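Peer 1: Dropping a structure here in structure tokens format, bear with me for questions.
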């Protein structure tokens, strides 16, 4: 008889695979120089909800 928790285990495996793929993508972007300076991101995030909300910064 198959365990009743198989669907949850399958979802955990899928979540882990998606997470690892995202990490790999981020590492590849970093290696290729597709990075964003922290201060640009910080300024953008701090502007959220203000009267002077900034557009998202563009990657150099």
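Computed from the coordinates by the stated procedures, all read-outs in this text should not be read as laboratory data. From a predicted model like this one, the values you see are computed outputs, not experimental measurements. Positions of Cβ are generated from backbone atoms using ideal geometry, with glycine treated the same way; all protein chains shown enter the neighbour counts.
Peer 1: Taking the 0 to 90 degree range and rounding to the nearest ten, how far is the long axis of helix 38-47 tilted relative to the main principal axis of the chain, both from C-alpha atoms?
Peer 2: 80
Peer 1: Something else now. How large is the helix-only mean residue ellipticity at 222 nm for the chain, computed as the sum of -39500 (n - 2.57) over DSSP H runs with n ≥ 4, divided by its residue count, in deg cm²/dmol to the nearest 500? Let's see the in-between values first.
Peer 2: On the way: 2 runs with 36 residues, N = 60.
About -20500 deg cm²/dmol.
Peer 1: Now a separate question. So how far apart, in nm, are the two label points at residue 40 and residue 53 if each is 7 Å from Cα heading toward Cβ?
Peer 2: 2.1
Peer 1: Just to confirm the number: angle between the C-alpha axis of helix 6-31 and the first principal axis of the chain, 0 to 90 degrees, nearest 10?
Peer 2: That helix lies at roughly 30 degrees to the long axis.
Peer 1: Still on this structure, I have one more. Where the eigenvalues come from the Cα gyration tensor of the chain, what are the semi-axes √(5λ) of the equivalent ellipsoid, largest first, in whole Å?
Peer 2: On the way: eigenvalues 282, 67, 8 Å².
Semi-axes (√(5λ), whole Å): 38, 18, 6.
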